Amino acid sequence: MVKVGLLGLLAMAVVTMPVQSHAQTNAPAAEKKAGKRSTPFHGKLKAVDTKAKTISVGEQTIQVTSETKIFKAGKPATLADGVVGEDVSGSYRKGDDGKLTAGMVRFGPRPEKPGAATGDTKKEQ
């Protein structure tokens, strides 16, 4: 009877071991994905450094890379198109080293969608 009980416990331990090990290996991946979310920002452009490839918005300094999408007036733009004091918005991701890296930057106000300014909507008849 004791042998059967010990054998049962051993069998359960063997069966549950792969499940525990699988859960442990996926936990860090889930944490990394959660930490890689984009964070929106907006405010007045405080500084543009084309040599260091950074912009400053408020107290934040955000790194611009070759993968950063930059827009102005709804069209593609470059870092040099940013004017200190104008509105700026976009999103960034915080790296493991603490640096903020821009995914998207929009200089100036958000462009209006076609028809939004004139109120062009279908009228009911």
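Residue-wise test of (1) without any contact (Cβ under 8 Å) to a residue 60 or more places away in the chain; (2) of a type in the set (Asp, Glu); (3) more than 15 Å from PHE107 (Cβ to Cβ); (4) in contact with a Ser or Thr (Cβ under 7 Å, 6 or more places away or on another chain).
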residue	(1), (2), (3), (4)
THR54	yes, no, no, yes
GLN60	yes, no, yes, no
THR68	yes, no, no, no
PHE71	yes, no, no, no
GLY74	yes, no, no, no
LEU79	yes, no, no, yes
GLY85	yes, no, no, no
GLY90	yes, no, no, no
ARG93	yes, no, yes, yes
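Tally time: how many residues in the range 47-79 are of a type in the set (A, V, I, L, M, F, W, C) and farther than 17 Å from GLY98 by Cα? Residues meeting the conditions: 7.
Bear in mind that the values in this text are calculations on the coordinates, not laboratory data. Model, not experiment: these values are computed from the prediction. Here the Cβ is made from the backbone with ideal geometry for all residues, glycine too, and neighbour counts use every protein chain on show.
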